[in-house]
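Down below is the structure, laid out as structure tokens.
The values are calculated or read from the model by the stated rules, or taken from the named source; none is laboratory data. The model shown is predicted, which means the values in this text are computed figures rather than measured ones. Because the Cβ atoms are built from the backbone with ideal geometry, glycine has one as well, and the counts that use them run over all protein chains shown.
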Ligand code: NAD
């Protein structure tokens, strides 16, 4: 299927590796031009170079710490100057540290809100005016299965992403008349560096081997394996497509059947 987005400019935040990178790859494979971002300029530029080589599209890497509003302001200015205004925005950021309520210090809440809620708000605030002027835009936020089914040892993630979900649903209604769709992708458990680290942390906490924790985590996934990030990226490309123009305000799980609720 031709997704009808060739030549569109996609800005994917936190995209030097993992799920963000898989979204950047999938969009580039559909012919999008891509702006990659990471806290480390060299990593962002390396990822952009690889994307450009592999998919024969224009791709550029930019440095930004998404927890800092001033970095996001600068990122948007640099992307706009170099490539134009984004038609597609995928919001992503690193995940907050794991922890239970009793183990979480008060200052950690604000850090998680800055990284996993306000970064998306700031990015969207910057890109929507040009999308509105063009009468076309796609906003896709990477959140988590935890907005439907909170995860016990990921308190900060559960909290920040639930707030973002309320924000996204509200603006989906407001922006729909302007041809802008707003959706969230909810990863279950995909094989990335973050999940490797979570597996290690859980093993250390429980006094188990990583293999034991891995098997326990996989046993909760009906598909029988961790997700492949490229499958996740493909879902982002579909939500960005011309064909997805009537899908907005939606929360799409990409979780191999892990979520046990009906809706
Ligand atoms: P990852 O650790 O593999 O990659 C995260 C990316 O974010 C990296 O490119 C990193 O450099 C970048 N990053 C981190 N902090 C940043 C910051 N402050 N500013 C800019 N860039 C920053 O993680 P991932 O597994 O790809 O996860 C992506 C997001 O999805 C995270 O928020 C994670 O919590 C969430 N998530 C992932 C899964 C999963 O199964 N992988 C499940 C649920 C939610």
In the stretch 42-60, which residues are within 11 Å of the ligand (Cβ to nearest atom) and either closer than 24 Å to residue 113 by Cα or in contact with a helix residue (DSSP H, G or I) (Cβ under 8 Å, 6 or more places away or on another chain) (or both)?
44, 47
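Yes/no matrix, rows are residues, columns are (1) in contact with a strand residue (DSSP E or B) (Cβ under 8 Å, 6 or more places away or on another chain); (2) surrounded by fewer than 17 Cβ atoms within 10 Å (Cβ to Cβ); (3) assigned to a strand (DSSP E or B):
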position: 132; (1), (2), (3): yes, yes, no
position: 138; (1), (2), (3): yes, no, yes
position: 146; (1), (2), (3): yes, no, no
position: 150; (1), (2), (3): no, yes, no
position: 157; (1), (2), (3): no, no, no
position: 170; (1), (2), (3): no, yes, no
position: 181; (1), (2), (3): yes, no, yes
position: 184; (1), (2), (3): yes, no, yes
Where a residue in the stretch 98-111 is in the same structural domain as residue 163 (by TED's automatic domain parsing) and surrounded by 11 or more Cβ atoms within 10 Å (Cβ to Cβ) and its partner, wherever it lies, is assigned to a loop (DSSP other than H, G, I, E, B) and modelled with pLDDT under 95, with Cβ under 8 Å and at least six apart
98/153; 99/153; 108/96; 108/97; 111/96
For residue 235, the lone unmet condition from (1) under 22 Å from residue 17 (Cβ atoms); (2) crowded, with 16+ Cβ neighbours inside 10 Å; (3) outside the structural domain of residue 18 (by TED's automatic domain parsing) is (3)
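Might you let me know whether the stretch 13-20 holds any residue that is over 15 Å from residue 64 (Cα atoms), touching a residue at least 12 places away in the same chain (Cβ under 8 Å) and buried (at least 22 other Cβ atoms within 10 Å of the Cβ)? Talk me through it step by step, then tell me what you get.
Within the stretch 13-20, the subset over 15 Å from residue 64 (Cα atoms) is 18-19.
With the extra rule that they be touching a residue at least 12 places away in the same chain (Cβ under 8 Å), the set shrinks to 18-19.
Then drop every residue that is not buried (at least 22 other Cβ atoms within 10 Å of the Cβ), which leaves 18-19.
Yes, the stretch 13-20 contains a residue that is over 15 Å from residue 64 (Cα atoms), touching a residue at least 12 places away in the same chain (Cβ under 8 Å) and buried (at least 22 other Cβ atoms within 10 Å of the Cβ).
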Could you run through the stretch 114-154 and say how many residues are more than 13 Å from the ligand (Cβ to nearest atom) and more than 16 Å from residue 188 (Cβ to Cβ)?
17
Of all residues making up the stretch 1-40, the number that are over 16 Å from residue 57 (Cβ atoms), within 13 Å of the ligand (Cβ to nearest atom) and not in a helix (DSSP H, G or I):
8
